[in-house]
1. Order these by the 10 Å Cβ neighbour count, fewest first: 207, 73.
2. Work out how far the C-alpha atoms of the range 1-50 reach from end to end along every principal axis, then list the three figures in whole Å, largest first.
3. How would the range 153-211 be classified by its alpha-carbon gyration tensor: rounded, prolate or oblate, with rounded meaning a/c under 1.5 and the a/b versus b/c comparison settling the rest?
4. Order these by the 10 Å Cβ neighbour count, fewest first: 140, 34.
5. Restricting things to alpha carbons, tell me how big the range 179-256 is in terms of Rg and Dmax, in Å.
6. I want to verify a result. In a Gaussian network model of the chain, Cα cutoff 10 Å, which of these has the top mean-square fluctuation: 215, 187, 30?
7. Starting with the fewest neighbours, write out 184, 195 ranked by other beta-carbon atoms found within 10 Å of each beta-carbon.
8. Which residue fluctuates most in the GNM of the chain (Cα springs below 10 Å): 206, 36, 189?
Ligand code: PLP
């Protein structure tokens, strides 16, 4: 029998374009030679420009699917993306506790096209998942929404660490500037990663990065190594991004 690949449980929304969400996760895992287990949190109506509707999976169904899955297939890491509804958060918390594996939480608050995907209840629900989170991967705008009272982005990241997540990687891909600046905050301090800005707009970059981090953790990387490796890989996949529609490009996660 071949040695099985490590498993990452992906709790994510379905994006029919394949650019973001669950399909992005599974492709990004495959790039790292890691297998995905998948729990769909929501179906969505979207194209490569924007999200138009989110159709959440009822929390009770998510619980049933998750418990059945975890009783059979224990993952080495968990990745959480779009929550369809605040009521899904306690279900996901229970599944995380059961999995006893590192958790990457990518808070999806707004689609790249501008559509708001999180109301106050969903923000509060996400905050309740912070104590169970190993690596949180918000972008700059998401950090500001998660900690609106913070005086600056460093103070916001510090508040997120105090709220219980072990590591925060604040991504700067959507901010202006010639270089993309991602900042890793943890108990021991902070580290800045800088990447050349690529001249295109992408759909699914955040999911690709977060799933890549989860894959590296499942393979046994320390967090710092996982962050570096997943950023390097994401940069490579963005450099060979492809157009599947008329909107933004999606990362080139499949072999050319
Ligand atoms: N749809 C789903 C299901 C997602 O998980 C995400 C982001 O994580 C998006 C859409 C938006 O992706 P982007 O902001 O890269 O366009």
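None of the figures in this text is laboratory data; all of them are computed from the coordinates on show. Nothing here was measured: the structure is a model prediction, and the numbers come from that model. Here Cβ is always computed from backbone atoms with ideal geometry, including for glycine, and neighbour counts include all displayed protein chains.
1. With the fewest neighbours first, 207, 73 line up as 73, 207.
2. Here the Cα extents, ordered largest to smallest, are 42, 19, 12 Å.
3. Prolate.
4. 140, 34
5. 13.4, 44
6. In the Gaussian network model the winner is 187.
7. The order, fewest Cβ neighbours first, is 195, 184.
8. Per the Cα network of the chain with a 10 Å cutoff, 189 tops the list.
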